[in-house]
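Asks: Mind having a look at this structure? Questions to follow.
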Amino acid sequence: MLSHCPRMSVALQDLRNTMSSYKRATFEEEEASDLPRDGSPSPEGVEVGFRKGSLGGWTQLEVWLAALLLVSVLLLLLTLTLGLTQSPDGSKELCLSEACVMLAGRMAEAMDRQADPCQDFYQYACGGWTRKNPLPDARSRWSTFNSLWEQNQALLKHILENGTFNGTSEAERKTQSYYLSCLNQPRIDQLGAQPLIDLITKLGGWSITGRWEKDNFMEVLKLLSGPYRAQPFFSLGVSTDPKNSNSNVIQVEQSGIFLPSRDYYLNKTANEKVLDAYLEYMVELGLLLGGSRNSTEQEMRQILELETALANITVPQDQRRDEEKLYHKITIADLQVLAPAVDWLDLLSSSLSPLELNDTEPVVIYTREYLVEMSQLIARTDRSLLNNYMIWTLVQKGVASLDQRFENAQDKLLESLYGTKKSCTPRWQTCIGNTDDTMGFALGALFVKETFDRNSKGIAEQDDK
């Protein structure tokens, strides 16, 4: 996609898409084309135990920074609007304050005065910005939001690598420890695939790489939807109720496919190369984890067929525009009747522990039809295949933390999808993204403490009065 210049309407629309929880999938799918996102996804409210996007989406910190950018743009536009002040005799005076001069300079730099605005107004208004911001390596698109995130990544790198770092909370200290461990590539290469192999064994095994004789569907689903954040079948979280901003509510949304869009699975003629590359990626990861080629390829094909079945019942984006139709608030008891293949009270109680829930607890669902058909699909699918698929979602999630062989496998898939490679991204940027994905709130707190004046909040609250 082509680079974009700063435009207020685009910023407003992007922010609306980001902050609207029942339209978040639309925004995430659009952002998926910007892969690799350096381990960063997405965004939304208080999330409980699920990854924020398989190959795309914004993290909580990125959403917060986007909102900050929007506020800054609004302030700059307000400054510009007030730039022409009214003199006592009624004439207009030119604003020559530092803010006005800076804003005018930026707008002038973004323009291409050689272009004819009557023939190509976009080039006239944005040509300078496009010329000075060529598409970086490993990027399929570039905009002011990407530029802002990259600047903030550099600042976060400085904070986390500072030798005098002194976190004021355990969460902040763990954030730095997580980031530094991600940078320790020699140790990661030394451990190889063993950490993930051990975790799979702890969960009861995976028939692709060893024995699986334990029918423990709910136990595995609870662990993957909770602490390991792999989100098979659906995603769940807690966020602000879109129809009551004073309260938070449990939210359940369709999920479960790895490729950025259902169309990759369903339009097999147009996406044959991508599907072949994805299957090859699946098989290669299975082999790296100890599987044999023949059995691994056979079972990975079955997992791909199950993902295709999920893609087939996934509600397409063109049917997700009407916010009123998407929003359904029901109780856990209602959800149990709607999708009985999952023990919802058990699952939600486990994910939201130590909160005590009962079956009258409200839940907001956004794709009612999907949950009904998902439950039916689970009920008629062999338990071994269900386990293979669920563990596969864990493997996908764990790739970013494993050695170079896994990254090389992922690079080949990303190149097939987007013509870009994640390995073009510096390791520190990947680790910033991974840290934001895992510990976004603590990382955001560190960012605020470093960049915001202590008096800013008081001044803003005083102005609000």
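Asks: In the stretch 193-402, what is the volume of the convex hull around the alpha carbon atoms, normalised per residue and reported in Å³? Don't jump to the answer; show the numbers that get you there.
Replies: Values: hull volume 27.3 nm³, N = 210.
So the per-residue Cα hull volume is 130 Å³.
Asks: For L191 and K412, what does the FRET efficiency come to when R0 = 22 Å and r is the distance between their Cβ atoms, rounded to the nearest 0.05? Mind dumping the intermediate values first?
Replies: Values: r = 22 Å, r/R0 = 1.02.
The calculated FRET efficiency here is 0.45.
Asks: Something else about it: May I ask you to evaluate 6.51 cos²θ - 1.76 cosθ + 1.60, the Karplus curve with θ = phi - 60°, for each residue of the stretch 223-237 and list the ³J(HN,Hα) values in order in whole Hz, giving x for glycine and proline?
Replies: Result, ordered by residue: 5, 6, 6, x, x, 9, 6, 8, 6, x, 6, 7, 10, 9, x Hz.
Asks: Summing Lys, Arg as +1 and Asp, Glu as -1, what charge do residues with Cβ under 10 Å from the Cβ of L279 carry, L279 excluded?
Replies: Net local charge, L279 excluded: -3.
Asks: Follow-up. Quote the FRET efficiency, to the nearest 0.05, computed for D198 versus N294 with a Förster distance R0 of 30 Å and r equal to the Cβ-Cβ distance. All intermediate terms of the calculation are to be shown ahead of the outcome.
Replies: Details: r = 25 Å, r/R0 = 0.84.
According to the calculation, E is roughly 0.75.
Asks: FRET efficiency for N267 and Q319, Cβ-Cβ distance as r, R0 = 22 Å, nearest 0.05?
Replies: Once rounded, the FRET efficiency stands at 0.85.
Asks: Using a simple spin-label model with points 7 Å from Cα along the Cα→Cβ vector, what separation in nm is obtained for V238 and L180?
Replies: 3.2 nm
Asks: Let me ask another. How do 112-119, 166-173, 393-400 rank on mean C-beta neighbours within 10 Å, highest first?
Replies: So the order, starting with the most tightly packed, is 393-400, 166-173, 112-119.
FYI, it's all coordinate maths here, none of it is from the lab. Everything quoted here is computed from the prediction, not taken from an experiment. Heads up, the Cβs are rebuilt from the backbone with ideal geometry, glycines too, and the neighbour counts pull from every protein chain shown.
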